[in-house]
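Comments concern the structure below.
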Amino acid sequence: MDLSPTPEQEELRAELRGWLRQNLPWEYGTGLPPRFDDLGEEVAFLRDWQSRLASGRWVGVAWPQEYGGRGRGPAEHYLVQEELARARAPELVGRIAVNLAGPTLLAHGTPEQKQRWLPRILPAADLWCQLFSEPGAGSDLASVATRAEPVPGGWRVTGQKVWTSYAQFSDWGMCLARTDPAAPKHKGISYLVVDMHAPGVEVRPLVQITGEAEFNEVFLTDVFVPREQLVGQENDGWRVSSATLSHERGTNPRQLVIHAQLLDELLRTAAASGAYDDPRLRPRLAQAFVELRLFQLHNWRTLSRLEKGMEPGPEGSLLKLYWSEMSQRFHDVAMAALGPAAPLWRRAAGNPGDGLWQRSWLYYHAASIFAGTNEIQRNIVAERVLGLPRERAG
Ligand SMILES: Cc1cc2nc3c(=O)[nH]c(=O)nc-3n(C[C@H](O)[C@H](O)[C@H](O)COP(=O)(O)OP(=O)(O)OC[C@H]3O[C@@H](n4cnc5c(N)ncnc54)[C@H](O)[C@@H]3O)c2cc1C
């Protein structure tokens, strides 16, 4: 498939470049976004940025126009991500809503649900979180034990969720809850939208290895969820959740954007620290460059499937495996390029990047866990791409 941009796509690119020159909140194309000591301040800054980006209609370009998108295709979505990377624009704070909740509602929501929730997603007027994982249900997600008991007008939901990113800032949560405890485990689950401000929702932040508390435990105690907040059919939540999960694993322009920015920064750091002249590091820097290019090609392979109207399919697991391992190698090179500054943290004298690399190196240890661990991705590739048997015979 020929993925070179059409004249209309080049026009879109030029329009976005012009818009970014006017609207990026710091000098266009230089430096990384400002960093904050307080996650709340950062989220407020990023909400403001996303709202500005959405006012230019640069968030969700592939969404239908009636919900704030441009009704364009996956290729335009990629092109916009590429340009945002080039401009070093910050990532979307509302990405869980834009990339997961929105597409799930577009596929399975009622017209009323779409009207109610979608227009507030792109400008980050509402933030969403994903209430899937539980202490006893991570890789084996179908084991969710959160109960939804029928009451007049809806359900009362009780249970515990964990690792819920941005729950403390969220307005809505996509929640998997068991509505039929007697049914086989994949069959008795429903997909409910929980109001994160409702009585009975308690969010307790969990501090990560980076020192930040991006994810949380969420305790749900008798939380009332009205019937109109059921997405899809009752007890059919497993099928609805696969729409969310396929978007999570299928394509990843966001990580391409982030790693393109990081590579740029890595090459600057290496030039400044003299790592370019170190014969042990030069091949690793070249390797990082090559791997990022390969990641782009993996993305393009998925993109060509999407452009043909196909789903990302189980091959999406290859993309997740590739980029998460690439990222960890890539960060190891960055730490090596920092040399003796590698163990320093923010505000330490003589620390190039002021802790950017150290924070990022710690954070991306999570890449082989979130959105399905690498062991699970390997199982998917083995069984569903290569067609290997599920269990060894005999
Ligand atoms: C930064 C971060 C953000 C997250 N954000 C969210 C979020 O917003 N919402 C949400 O719902 N969840 C979120 N998660 C949770 C994430 O989806 C789970 O951590 C992940 O699915 C793994 O589940 P678990 O932690 O329970 O580990 P487990 O499933 O208990 O796995 C433990 C270990 O056993 C291995 N294992 C398990 N089963 C198999 C098998 N069949 N074959 C081979 N190996 C196996 C795993 O690979 C892993 O190494 C987040 C996680 C992280 C790290």
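The values are calculated or read from the model by the stated rules, or taken from the named source; none is laboratory data. Every value quoted in this text rests on a predicted model; they were computed, and no experiment measured them. Neighbour counts run over all protein chains shown; Cβ positions are idealised from the backbone, glycine included.
Tell me yes or no: at least one residue of segment 201-208 is more than 21 Å from ALA107 (Cβ to Cβ) and charged (D, E, K, R).
From segment 201-208, those more than 21 Å from ALA107 (Cβ to Cβ) are 201-208; that's our starting set.
Pick out the ones that are also charged (D, E, K, R) and you get 202, 204.
Yes.
Go through (1) modelled with pLDDT under 85; (2) not β-branched (Val, Ile, Thr); (3) not in a loop (DSSP other than H, G, I, E, B) for MET326 and report which single condition fails.
The number of the failed condition is (1).
Which residue is farthest from ALA366 (Cα to Cα), if the candidates are limited to segment 155-190 and must be in a strand (DSSP E or B), touching a residue at least 40 places away in the same chain (Cβ under 8 Å) and of a type in the set (D, E, K, R)? Working first, answer last.
Keep residues of segment 155-190 that are in a strand (DSSP E or B), which gives 155-162, 172-178, 189-190.
Next cut, touching a residue at least 40 places away in the same chain (Cβ under 8 Å) only: 155-162, 172-177, 189-190.
With of a type in the set (D, E, K, R) added as a condition, the list becomes 156, 161.
Numbers: ARG156: 33, LYS161: 18 Å.
It comes out as ARG156.
In segment 278-312, how many are among the small types (Gly, Ala, Ser), within 19 Å of LEU245 (Cα to Cα) and surrounded by 13 or more Cβ atoms within 10 Å (Cβ to Cβ)?
Quick first cut of segment 278-312, residues among the small types (Gly, Ala, Ser) only: 286, 288, 304, 309.
After this cut, where a residue has to be within 19 Å of LEU245 (Cα to Cα) as well, the list is 309.
Still in the list and also surrounded by 13 or more Cβ atoms within 10 Å (Cβ to Cβ): none.
Result for segment 278-312: 0.
Please go through segment 342-365 and pick out each residue that is loosely packed, with under 14 Cβ neighbours inside 10 Å and hydrophobic (A, V, I, L, M, F, W, C). Steps first, please.
Looking only at segment 342-365, we keep the residues that are loosely packed, with under 14 Cβ neighbours inside 10 Å, and these are 343, 345, 347-350.
Selection gives TRP345, ALA348, ALA349.
Criterion first (at pLDDT 95 or above and either part of a loop (DSSP other than H, G, I, E, B) or within 18 Å of the chain's Cα centre (by Cα) (or both)) does HIS331 satisfy it?
Details: at pLDDT 95 or above: yes; either part of a loop (DSSP other than H, G, I, E, B) or within 18 Å of the chain's Cα centre (by Cα) (or both): no.
Judged against the criteria, HIS331 is not a match.
Output the number of residues of segment 215-254 satisfying the condition of being at pLDDT 85 or above and surrounded by 21 or more Cβ atoms within 10 Å (Cβ to Cβ).
So the count comes out to 11.
Considering only residues that are touching a helix residue (DSSP H, G or I) at 6+ places or on another chain (Cβ under 7 Å) and modelled with pLDDT under 95, which ones fall in segment 143-186?
Within segment 143-186, LYS185, HIS186 qualify.
Just give me the residues in segment 86-142 being closer than 18 Å to GLN255 by Cα and within 16 Å of the ligand (Cβ to nearest atom), in sequence order. Lay out the reasoning, then the answer.
So the first thing to find is which residues in segment 86-142 are closer than 18 Å to GLN255 by Cα, and the list is 86-100.
Of everything in segment 86-142, those that are closer than 18 Å to GLN255 by Cα and within 16 Å of the ligand (Cβ to nearest atom) turn out to be GLU91, LEU92, VAL93, GLY94, ARG95, ILE96, ALA97, VAL98, ASN99, LEU100.
Can you name every residue in segment 109-128 that is surrounded by fewer than 20 Cβ atoms within 10 Å (Cβ to Cβ) and either touching a Cys at 6+ places or on another chain (Cβ under 8 Å) or part of a helix (DSSP H, G or I) (or both)?
PRO111, GLU112, GLN113, LYS114, GLN115, ARG116, PRO119, ARG120
Could you give every pair whose Cβ atoms fall below 7 Å, whose first residue belongs to segment 140-151 and is in contact (Cβ under 8 Å) with a residue 40 or more places away in the chain, and whose second residue is part of a helix (DSSP H, G or I), counting only separations of at least 6 or pairs across chains?
Cβ pairs passing all conditions: ALA142/TRP238.
Just to be sure, is TRP345 among the aromatic types (Phe, Trp, Tyr) and touching a Leu at 6+ places or on another chain (Cβ under 7 Å)?
Answer is no for this residue.
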